[in-house]
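Undergrad: Dropping the structure in here first, questions after.
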Amino acid sequence: MQYMKITGIFYLLMGICFWGGCSSGQDTGAQSPSHEGAHDHEEHTHSDDDHPEDYVSAVTKLQTLNDVIKNAFAEDDMKKADPPVHEIGHILESVHSLAEQASFSASDKKSIDTAVESLFEAYAAIDEKLHGGKGASYSDVERKIKPALEFLNDKANSLKEKTE
């Protein structure tokens with residue numbers, strides 16, 4: 001499935017960051033690709049409270065993180081952009097699984113997966129750029145991010161309407 005391929009690419013980039021580009025300059029030995037490893041992204045520690053419990057809150061969190069990333073690029077502050085780029089990958093995984101649990105049609109779930117895949121690709125390119133690779137700046141992939149987030153937001157709003 002395309003989703004798994006994109007997820008694999010994202011984790012490959014994350015692994016490259018953890019093992020190569022995100023160390024504090026000290027030899028910390030082999031690190032696992034979890035956020036619990038020792039690297040210079042202290043903001044990356046996550047608790048269970050960081051992860052949304054339903055589709056609507058996951059999409060809200062995605063939008064919030066996206067706004068931080070967009071603003072950081074606008075301010076040319078790559079250090080500020082890095083932690084939310086990493087966090088957004090975890091939230092995208094949540095969106096995928098939470099959409100499966102929500103009362104969406106099979107067609108909607110497939111479209112949500114497509115939007116999530118598009119976002120994984122875009123943020124993986126941003127992450128690559130943040131860590132010295134070719135990658136892409138936010139403005140390079142915004143045309144991909146904006147419609148995907150809008151679609152996910154539309155689905156969140158329709159879900160909210162069903163429950164009200």
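The values are calculated or read from the model by the stated rules, or taken from the named source; none is laboratory data. What you are looking at is a predicted structure, and each value in this text was computed from that prediction instead of being measured. FYI the Cβ positions are ideal-geometry reconstructions off the backbone, even for glycines, and counts take in every protein chain you see.
Undergrad: For ALA156, all conditions in the list (1) surrounded by fewer than 16 Cβ atoms within 10 Å (Cβ to Cβ); (2) more than 19 Å from ALA72 (Cα to Cα); (3) of a type in the set (Gly, Ala, Ser) hold save one; what is the number of the exception?
TA: For ALA156, the exception is condition (1).
Undergrad: Taking SER57 as meeting all but one of (1) more than 19 Å from LEU130 (Cα to Cα); (2) of a type outside the set (D, E, K, R); (3) under 14 Å from the mean Cα position of the chain (by Cα), write down the number of the exception.
TA: The one condition SER57 does not meet is (3).
Undergrad: Report yes if ASP113 is acidic (Asp, Glu), closer than 15 Å to VAL59 by Cα and under 14 Å from the mean Cα position of the chain (by Cα), otherwise no.
TA: yes
Undergrad: Testing HIS51 on (1) at pLDDT below 95; (2) surrounded by 19 or more Cβ atoms within 10 Å (Cβ to Cβ), one condition comes back false. Which one is that?
TA: Single failed check for HIS51: (2).
Undergrad: Give the residues of the stretch 105-130 that are surrounded by 19 or more Cβ atoms within 10 Å (Cβ to Cβ) and modelled with pLDDT under 95, sorted by residue number.
TA: LYS129, LEU130
Undergrad: OK, next. Restricted to the stretch 67-77, and to residues that are surrounded by 12 or more Cβ atoms within 10 Å (Cβ to Cβ) and closer than 14 Å to ASP140 by Cβ, which residue is nearest to the chain's Cα centre (by Cα)?
TA: Checked the stretch 67-77; the qualifying residue nearest to the chain's Cα centre (by Cα) is ILE69.
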